[in-house]
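One structure below.
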């Protein structure tokens, strides 16, 4: 049997897409890099040691012997009102180490490098969609729209759905093909996502998470 094929767990495990509303003061869950949670950062590539789940979870568990890795990437979104009554969203992109798995049978250096390159594009795709959501929020804010209204919430939901669809399309085009077709598809997706990330590069660093600790949380996309 050849090396397991690469696949990522981005659907059923972490994309809980329906928002819920909070009517009291609340503190958002931490999204900064920690032992189990890694924020997307330019130049910070995934390593083999970042995948710490003891087993393959979710849909991938049914064919774990054929899977090289499963990535749990997540886009936490918190809508809040600051001390001046201004509405805004905090949009993050995180990799969950404790829910991301690699197949221990993948031992060859070349196979590990290929697996990490594949999973990195999944993580990069999550950041790409996070940037699209930030742009969406900025455009609606500039237009004076209700950021917590049904139109904006629906647009954010559509972008989250796009993330799930992109991940599925990526795996479908890259996995279980001939080696030459897989290599060409992987390169094509790597270049595509990198190009789109550059086009949506942020103009400055986001404010630190602590700035919204005492604000009123209105809506959370878990």
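Each of the peptides 171-182, 151-162, 72-83 was scored by the mean count of other Cβ atoms within 10 Å over its residues; in descending order, highest first, they stand as 72-83, 151-162, 171-182. In this simple spin-label model, placing a label point 7 Å from the Cα along the Cα-to-Cβ direction at both residue 168 and residue 150 gives a separation of 2.6 nm. Both numbers refer to the Cα atoms of the range 114-182; Rg and Dmax are 15.9, 51 Å.
Ranking of 100, 92, 150, 105 by neighbouring Cβ atoms within 10 Å, starting from the fewest: 150, 105, 92, 100.
Any read-out appearing in this document is the output of simple, stated calculations on the displayed coordinates, not a laboratory observation. On a predicted model such as this, the values are computed, not experimentally measured, just so you know. Virtual Cβ from ideal backbone geometry, glycine too; neighbours counted across all protein chains shown.
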